[in-house]
Each structure stands twice: as C-alpha cells, then as structure tokens.
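Down below is the structure, laid out as structure tokens.
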Amino acid sequence: MARSWERMVQRNQQQVNKQRKKQGKDSIYAAKAAGATKNTDTFKGRNIIFPTILVLLGIMFWAISAVDSTKGSGMLTNWVGTVLYFLLAALMFFRRPYLKVDRSRLSTFKFNRERVLTANEIEKIILSRGMVSIKYKGKRKHWVFTRLTNRYDIKAMGERLTEFAKVNHIELVHE
C-alpha cells in the first residue's frame with residue numbers, strides 16, 4: 001500500500017476506535033498491533049555508565065555527611081539526598097534505551113520523550129565496528145548508538161539499518 005493510504009487507514013482506525021470506546025466495545029487496535037510487529041525491530045541497550053556515576057556520587061555524599069562534625073544539623077536532608085541519588089541511578093539503569101526500526105521511520109527515547117525520524121529526514125547512516133550514527137538532513141545533529149556506553153547489539157542493528165537504508169534509498173557509509 002502507498003504510505004498516504006496507510007496514513008488514511010490509520011486515521012480512520014483511530015476514529016473508529018474512539019467511537020467504539022464511547023460505545024463500550026473493545027478497540028480494533030489488537031489486529032493492527034499484530035500486523036505492525038512484523039515490520040518493527042527494537043534494539044534495546046542498557047545504560048551502565050551514568051547510573052554508576054550516580055551511585056558513586058551517592059556514596060560520596062553519604063560518606064561526607066557521615067564524617068561531618070556537625071551531627072544533627074541537616075541529617076535528614078543528607079539521607080534524603082543520598083537516597084534520591086540511588087533512586088535516580090536505579091531509574092536510569094532500568095529505563096533501557098532503544099532504537100525502534102519500522103519500515104519508513106526510526107524512533108528512540110531521548111530527553112524524556114520519544115523522538116521519531118522519518119526516512120526522508122535522514123541524510124546518511126554511518127556504521128562502524130562499535131557505533132551506529134544516524135545523521136539528520138540539513139542539521140548538524142545526529143543520533144549515536146554505541147556498544148561501549150549503552151551495550152547495544154551493533155552487529156544486528158547494523159544489518160537491520162542496512163536493510164532500512166536500501167528500502168528507503170538512504171546513503172550508507174561503512175567505516
């Protein structure tokens with residue numbers, strides 16, 4: 001199907017789902033989700049470096065507050081600060097970064113929201129041994145996915161992005 005036709009079908013499906021929800025019926029989303037998973041690949045990583053730094057900062061904060069000679073003043077705020085460092089580290093560790101590759105778009109989670117790049121917004125994809133970089137058209141920004149910092153499976157990601165580049169006629173650079 002043409003992409004404009006797919007968008008029209010999606011819009012109509014959303015309207016039908018809203019009407020069905022008002023009537024108290026189940027949505028027809030389940031059939032759409034089963035078909036969408038065939039063309040979608042998600043590559044998940046694991047953020048290790050930043051949570052480790054936060055845990056070390058929490059330990060340092062706790063050690064400094066334990067050695068502090070003024071016992072009693074600010075004791076509660078020291079513990080609250082230490083616990084918050086550990087909670088933020090846990091949040092960052094368990095929120096896994098990802099790259100989702102659809103037929104004509106890429107999406108990832110950056111700066112606390114999902115970012116989406118369509119195929120016509122991508123200038124080139126750069127593949128190297130330990131890194132994948134996706135460069136925007138006309139902008140100096142790019143997405144970088146590395147094995148070192150986020151533990152992505154770069155080989156599998158590179159294969160899927162090679163296929164994505166061929167289908168959408170995007171320049172692919174191997175370094």
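Among beta bridges from DSSP that stay inside the chain, the antiparallel ones total about 85%.
Considering helices alone, the calculated mean residue ellipticity of the chain at 222 nm is -17000 deg cm²/dmol, with DSSP H runs of length four and up weighted by -39500 (n - 2.57) and normalised per residue. Extension gain for Q15-F94 works out to 25.0 nm (0.36 nm per residue, less the C-alpha to C-alpha distance).
The angle between the Cα long axis of helix 29-39 and the longest principal axis of the Cα atoms of the chain comes to about 90 degrees, rounded to the nearest 10. Of the three principal axes defined by the Cα atoms of the chain, the extents in descending order read 72, 55, 28 Å. Think of a 1.4 Å ball rolled over the protein heavy atoms: the chain then has 71 Å² of accessible area per residue. Here the accessible area of the chain is 59 percent carbon and sulfur, with a 1.4 angstrom probe and all protein chains present.
The values are calculated or read from the model by the stated rules, or taken from the named source; none is laboratory data. Treat the numbers as computed from the prediction; the structure is a model and nothing was measured. What goes into the accessible areas is simple: the full protein's heavy atoms, side chains included, and nothing from ligands, DNA or RNA. Shrake-Rupley method; radii C 1.70, N 1.55, O 1.52, S 1.80 Å.
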